[in-house]
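The values are calculated or read from the model by the stated rules, or taken from the named source; none is laboratory data. Since the model is a prediction, treat every value here as computed from it, not as a measurement. For neighbour counting, all protein chains shown are included, and Cβ atoms are generated from backbone atoms with ideal geometry for every residue, glycine included. The accessibility values were calculated without ligands, DNA or RNA, using every heavy atom of the protein model including side chains. Shrake-Rupley method; radii C 1.70, N 1.55, O 1.52, S 1.80 Å.
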Amino acid sequence: MSLWSILLFIALVAMPATAQEYTYTPIAGTHGLIPISLDSGWMYLERDAREPAGVDSVPAAAWERVTLPHTWNRYDATDATPGYRRGASWYRRTLDVSAFPAGMRFVLAFEGANTVAEVWVNGRRAGGHVGGYVGFELDVTPLVRRDGPNDVLVRVDNTDDPELIPSHRSDFTIYGGLTRDVW
C-alpha cells in the first residue's frame, strides 16, 4: 500500500459521516464562524449564457430544483452514447440574512465547482475560481442586503480548455456543476 493510499484512507476515516448544520448562535471553539450548509434550495438552468442578464428573464418554472452536490453529466457521461455535455450552466439560490446580528461578515465557501465558476450576488460580480477539485471562498459582505432576500447566481462551465485547465488533457470525465458542498 502506498503512502498516498494510507493518507487518503486516514483522511476518509477522519471525515464525519454527515455534514453538521448549525444554528445562528456561535459555537465555542469556532472563533465566531457559523458554518451553515447551503446544499438545499438551489435552482438549476441548463443555459450557456455568458452574463446574468442572459438568465434573469427566464421564468422560475424553467429552472429545475436541485440539491448539491449536483452535476449535469449524471446520465450522459455514463450512457452508451459517446461524449457528454461540455458547456456552461447556471445555479440560483436566495439567501435571507436578516436574522443574523449586525456586523457579521458573510463568506460563500464552495468545496467544488467544476471547472470554471463565476459568482454574482444581487446582480454584482462577487468573484470566480478556476479548478473543479479545489474549494474557494468569496467574502460577499459588501454585496449582501441585510433587509431582504439576496439573489446568488453561479455560472459553472466545464468546457474543454486544456490551456486553462491542464487536467482536461487527462482521460477522465470532467463532470460539470456544483459538485461538492456549499457553505
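Here are a few things to note about the model shown:
Okay, residues lined up against (1) at pLDDT 95 or above; (2) part of a strand (DSSP E or B); (3) out of contact with any Lys or Arg (no Cβ under 9 Å at 6 or more places or on another chain):
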site: Leu138; (1), (2), (3): yes, yes, yes
site: Asp147; (1), (2), (3): no, no, yes
site: Val156; (1), (2), (3): yes, yes, yes
site: Pro162; (1), (2), (3): no, no, no
site: Asp171; (1), (2), (3): no, no, yes
site: Ile174; (1), (2), (3): no, no, no
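- A count restricted to the range 109-138 and to residues that are open to solvent by 70 Å² or more (accessible area, probe 1.4 Å) and either touching a Phe, Trp or Tyr at 6+ places or on another chain (Cβ under 8 Å) or of a type in the set (Lys, Arg) (or both) stands at 4.
- Evaluated against (1) assigned to a strand (DSSP E or B); (2) surrounded by 12 or more Cβ atoms within 10 Å (Cβ to Cβ), Arg85 falls short on exactly one condition, (1).
- Counting residues in the range 139-150 that are open to solvent by less than 40 Å² (accessible area, probe 1.4 Å), in contact (Cβ under 8 Å) with a residue 40 or more places away in the chain and of a type in the set (Gly, Ala, Ser) gives one or more.
- For the range 90-108, the criterion of being of a type in the set (Gly, Ala, Ser) and surrounded by 12 or more Cβ atoms within 10 Å (Cβ to Cβ) is met by none of the residues.
- Number of positions in the range 80-96 that are at pLDDT 95 or above and among the basic types (Lys, Arg): 2
- Residues that are of a type outside the set (A, V, I, L, M) and part of a strand (DSSP E or B) within the range 88-120 comprise Ser89, Trp90, Tyr91, Arg92, Arg93, Thr94, Asp96, Phe110, Asn114, Glu118, Trp120, listed in sequence order.
- Residue match in the range 61-82 (condition: open to solvent by 20 Å² or more (accessible area, probe 1.4 Å), of a type in the set (Asp, Glu), in a loop (DSSP other than H, G, I, E, B) and touching a residue at least 60 places away in the same chain (Cβ under 8 Å)): no
- Taken over the range 25-52, residues that are open to solvent by 80 Å² or more (accessible area, probe 1.4 Å) and modelled with pLDDT of 85 or more amount to 5.
- Single residue of the range 97-136 satisfying the filter (of a type in the set (Ser, Thr, Tyr) and closer than 14 Å to Leu178 by Cα) that is modelled with the lowest pLDDT: Tyr133
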